1. With the chain treated as a Gaussian network of Cα nodes joined by springs under 10 Å, which of 58, 118, 21 yields the largest mean-square fluctuation?
2. For the stretch 2-72, what is the largest minus smallest coordinate of the Cα atoms on each principal axis, given in angstrom and ordered from greatest to least?
3. For residue 241 and residue 146, what does the FRET efficiency come to when R0 = 45 Å and r is the distance between their Cβ atoms, rounded to the nearest 0.05?
4. Add -39500 (n - 2.57) for each DSSP H run of 4 or more in the chain, then divide by its residues: what number comes out at 222 nm, to the nearest 500 deg cm²/dmol?
5. Can you give the extra length, in nm with one decimal, that the chain gains between residue 57 and residue 117 once fully stretched, where that is 0.36 nm per residue apart less the Cα-Cα distance?
6. How high is the relative contact order of the chain, given as a whole-number percent (alpha carbon pairs under 8 Å, six or more residues apart)?
7. Could you work out the pair-distance distribution P(r) of the chain from its alpha-carbon pairs, with 10 angstrom bin width and percents rounded to whole numbers?
8. Would you mind checking the tilt of helix 264-275 against the longest principal axis of the Cα atoms of the chain, expressed as 0 to 90 degrees and rounded to 10?
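Laboratory data are not the source of any read-out in this text; all were calculated from the coordinates shown. Bear in mind that the values here come from a model prediction, so they are computed numbers and not experimental data. FYI the Cβ positions are ideal-geometry reconstructions off the backbone, even for glycines, and counts take in every protein chain you see.
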Amino acid sequence: MGAVACPPDGRFAPSPSGPLHLGNLRTALLAWLFARRARARFLVRIEDLDPGRSRRAHEAGQLADLRRLGLDWDGDVVRQSERRERHRAALEQLRASGRVYPCWCSRAEIREAASAAHGPLADGAYPGTCRRLGAAARAEREASGRPAALRLDAGGERIGFVDRLHGPVEAVVDDLVLWRNDGTPAYNLAVVVDDADQRIGEVVRGDDLLETTPRQLLVGRLLGVPAPRYAHVPLVLGADRQRLAKRHGAVTLDDLAAARGPRAASDALAWIAHSLGLASAREAVTPALLLARFDPAALPREPALFDAAAVLSV
Ligand code: GLU
């Protein structure tokens, strides 16, 4: 008798470093649509690893905005900062395989070394400087007291996967950071551990993260966890084709509420739905209606351009 496959659970995993803007909300809606269409669970995880940038007030505001949009989720919201022991255990597992080394390079040193390096690695990738340190150079750095990050020796592996929207993607993985020199787990480690522990079957997120995926697949493989499927969705850009930001005008629900009052959330949802080809301009919609119309194969593949005036002009 064959096993019955579980539907691929999904998630939205914002970093609480500021309010969500329409681009983030559009990604959240898409992650919800993918999961709910598969009749799967949809989870929310707060990626608050960076103590300098994460704020509880932003977390509360982000969750409130998801609710205002009409998105629901299953179970309790998980905070990445409360999962340190799991991240530490994964680090130790990788360390035991002999593939972890300390790295003392500053950002400027990495930039310089990366621009001088030639080979199969992508631009800006870490060329492995500290992996090749001689005994004396290593001892000198150890003695300097400068805190080290911990990197994975990726062994120059080429990792490929098939993204639901982008098709086949392949890259040579560089020696990524597993643990930062401020003592916190790195995103590329934590995200793999957390997605695996939460049994996420399909990761739906912005396509600015497409290039991180081969790294995460390698980490997952070395940890022996199942690989999720991926759908990297197009971002929302400002009229200048730069990533959406405050300067582009009314980009958050609070900005819209200041101009539109209680209609802010429905206006935002209408704009998002239209940008996804799921509704006509300014049509009043609900997440349930969008779910009935949603067809992943028909999703636009191009970034959406945000025009504040169009949202505010109704
Ligand atoms: N926390 C990340 C962000 O807000 C998203 C990570 C992910 O979806 O894998 O950009």
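1. For the chain, modelled as a Gaussian network with Cα springs under 10 Å, the answer is 118.
2. Sorted largest first, the three principal extents are 49, 24, 16 Å.
3. Working from the Cβ atoms, E equals 0.70.
4. Rounded to the nearest 500, the figure is -11000 deg cm²/dmol.
5. 17.4 nm
6. So the answer I get is 19 percent.
7. Values per bin, smallest distances first: 6, 24, 32, 23, 12, 3, 0.
8. 80 degrees
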